[in-house]
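Here the structure comes first, spelled out in structure tokens, and everything after it is commentary.
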Amino acid sequence: MKPLGPLAAALALGIWATAAYGDGGTMLLHQDAGPFTITLFAAPQPLQVGAADFSVMVQDRTSEEVLLDPAIDLTVAAGASQETVRLTRGQASNRLLQAATVHFSKAGKWRVVLLVRRGKDAASLSTECTVEPDSSRATLVWFYVLLPVGIILLFVLHQVLKTRG
């Protein structure tokens, strides 16, 4: 039984590691802009129609020190749809990040623009992201709701046929 101990420990660590998520989501952008190094994270991945969380970490470009006090505005735009939000430290679970929730109204290519200001320094950068249609889990939920019902109906049918024969 002792040889299985290390295997069980490795399996448990593997399961926990796959369940661990970093604060902020998946990195969309890491770029120098003006006096800053800016890293943009988004969750969930892939982005879908509906709410998405964006987080930003701003560092001093020369010292690589994380800056906790810049004002960060994030704008997402696709066609006539546009939304601008101010990121705050209060919404971030990691104290090094500032975060906000954005609502994507439709699927397609969206332009993400970040404006970072700290004192008299300012920088702007942008990137594109793809927002996929909402693949709601309703189908999966209905499958698991109806599966036991189907099994019960098969059992009842079996019992009815068994008593007749």
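Taking (1) open to solvent by 60 Å² or more (accessible area, probe 1.4 Å); (2) part of a strand (DSSP E or B); (3) under 16 Å from Ile38 (Cβ atoms); (4) not aliphatic (A, V, I, L, M) in turn, Asp69 satisfies each apart from (2). Cβ-Cβ distances below 7 Å connect the following pairs, each with a first residue in the stretch 40-53 that is on the phi > 0 side of the Ramachandran plot, a second residue that is at pLDDT 90 or above and surrounded by fewer than 16 Cβ atoms within 10 Å (Cβ to Cβ), and a separation of six or more residues or different chains: Gly50/His103. Glu83 meets each of the listed conditions (1) among the acidic types (Asp, Glu); (2) open to solvent by 60 Å² or more (accessible area, probe 1.4 Å); (3) more than 17 Å from Met27 (Cβ to Cβ) apart from (2).
Close contacts from the stretch 113-129, counting a first residue that is closer than 9 Å to Pro70 by Cα and a second that is modelled with pLDDT under 95 and open to solvent by 70 Å² or more (accessible area, probe 1.4 Å), with Cβ to Cβ under 7 Å and a gap of 6+ residues or different chains, come to Arg118/Asp69. Please verify whether Leu11 is modelled with pLDDT under 95, exposed (fewer than 14 other Cβ atoms within 10 Å of the Cβ) and farther than 26 Å from Pro133 by Cβ, treating the condition exactly as stated. Against the criterion (modelled with pLDDT under 95, exposed (fewer than 14 other Cβ atoms within 10 Å of the Cβ) and farther than 26 Å from Pro133 by Cβ), Leu11 qualifies.
Scanning the stretch 91-143 for residues that are under 26 Å from Asp60 (Cβ atoms), open to solvent by 50 Å² or more (accessible area, probe 1.4 Å), among the aliphatic types (A, V, I, L, M) and not in a strand (DSSP E or B) yields one hit, Leu96.
The values are calculated or read from the model by the stated rules, or taken from the named source; none is laboratory data. Just so we're clear, the structure is a prediction, and the values are computed from it rather than from any experiment. Cβ atoms come from the backbone with ideal geometry, glycine included; neighbour counts cover every protein chain shown. Side chains included, ligands, DNA and RNA excluded: accessible areas come from the protein's heavy atoms. Shrake-Rupley method; radii C 1.70, N 1.55, O 1.52, S 1.80 Å.
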